[in-house]
Amino acid sequence: MVAMTTDTTGTAARDGESRRSGPADSPFVRACRRESVPHTPVWFMRQAGRSLPEYREIRANVGMLDSCRRPDLVAEITLQPVRRHGVDAAILFSDIVVPVAAAGIDLDIVAGTGPVVAEPVRTAGDVERIRRIDRADVSYVDEAVRLLVAELGDTPLIGFAGAPFTLASYLVEGGPSRTHAKTKAMMYGQPELWHALCARLAEVTLSFLRVQIDAGVSAVQLFDSWAGALSEADYRRFVLPHSTAVLSGLADTGVPRIHFGVGTAELLGAMGEAGADVVGVDWRTPLDVATRRIGPDRAVQGNLDPTVLFAPWPVIEAEVRRIVAQGRDTPGHVFNLGHGVLPETDPEVLTRVVALVHEVSARRAEQG
């Protein structure tokens, strides 16, 4: 394990007060709670890996699921972008299918494809075979989080899980899908089976997130990556009750809850009702528009288009400044991409973006 010092996180130089008071009073957690911050906090989805050469080196010849089950490897990969970029929060290196694999689903994460399920879920019997999980089933996650909390010090750690709809889509389709045809066929044609599947996945997800919270994460994010494939009416009928079960089931923990999906412009209002403290916004919807849809009692997270990072720096700078300015008018803003870091992204650009967000937002905070 590589030990971290204060100066490698970059947080002390930016916010001495939060360094003394710990993750709960960090700019990231404060923004999630819509409290005042010394600067706009920033982290990136998929920051732990992919674009970093040190990640590719450490992952060489180690499968994705195996990587997620090795606490020492999880901790090191999670720490890499914090050291390099000086982001305001780390996010646990894992995968959304880790808990369903622990629940007995035979699957693998195939490079270049994604999760592939050996026997797709199609019947009530298939649903019953999805076991409930507890800490012992994912003890490697518990251990990794505890290692990270000790290493990160005052830098918050974000835990995460896949939302019931997105997990169900993988299980029903047998892998990634562009159309979600089999998923929707079950939703429309076998609604009782669909709700039974999502209810079981909500239990698994809730247990998985509670393990992470009990181990010490400062916030959690629920990824509903494929929810944008649905109409608002279908989302409310087939998805919202199950996402609500997860998010409301964590209300007693006191940690901020973030809810994120892609292509969800028309769903933002409904997603805001699911019980999260923060709603993630992809790059398609301006933050001011998103805030009106979500409502003033939720913070927002986002929303730089990941492909903008391939443009010349003046273009990137202009977009970053625009988003920081829009975020200043929201109840609380965590700067992020509108989705994940693309593998070909230059890590130096990410580091410059973090510095720019801090510089611009700190100056605005000083000006009131």
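The values are calculated or read from the model by the stated rules, or taken from the named source; none is laboratory data. Model, not experiment: these values are computed from the prediction. Here the Cβ positions follow ideal geometry from the backbone for every residue, glycine too, while neighbour counts run over all protein chains shown.
Among the residues making up region 76-101, those that are without any contact (Cβ under 8 Å) to a residue 60 or more places away in the chain and either surrounded by fewer than 23 Cβ atoms within 10 Å (Cβ to Cβ) or assigned to a loop (DSSP other than H, G, I, E, B) (or both) are 80, 93, 95, 101. Kindly indicate whether any position in region 288-302 is more than 22 Å from residue 272 (Cα to Cα) and among the small types (Gly, Ala, Ser). No, every residue in region 288-302 fails to be more than 22 Å from residue 272 (Cα to Cα) and among the small types (Gly, Ala, Ser). So is residue 310 of a type in the set (Phe, Trp, Tyr) and surrounded by fewer than 19 Cβ atoms within 10 Å (Cβ to Cβ) or not? Considered against the rule, which asks whether it is of a type in the set (Phe, Trp, Tyr) and surrounded by fewer than 19 Cβ atoms within 10 Å (Cβ to Cβ), residue 310 comes out as yes. Taken together, the criteria place residue 27 among residues that are more than 13 Å from residue 81 (Cα to Cα) and either modelled with pLDDT of 95 or more or not acidic (Asp, Glu) (or both). Out of curiosity, is residue 229 at pLDDT 95 or above, among the small types (Gly, Ala, Ser), out of contact with any Asp or Glu (no Cβ under 6 Å at 6 or more places or on another chain) and closer than 29 Å to residue 104 by Cβ? Taking the combined requirement at face value, the residue satisfies it. Scan region 142-182 residue by residue and report those that are without any contact (Cβ under 8 Å) to a residue 40 or more places away in the chain and assigned to a helix (DSSP H, G or I). Hits for region 142-182 are 150, 181. Counting only residues that are touching a helix residue (DSSP H, G or I) at 6+ places or on another chain (Cβ under 8 Å) and of a type in the set (Lys, Arg), region 121-130 holds 1 of them.
For region 32-42, the set of residues classified as crowded, with 24+ Cβ neighbours inside 10 Å, of a type outside the set (Val, Ile, Thr) and under 24 Å from residue 349 (Cα atoms) consists of 41 only. Applying the set (1) hydroxyl-bearing (Ser, Thr, Tyr); (2) surrounded by 15 or more Cβ atoms within 10 Å (Cβ to Cβ); (3) in a helix (DSSP H, G or I) to residue 188 leaves exactly one unmet item: (2).
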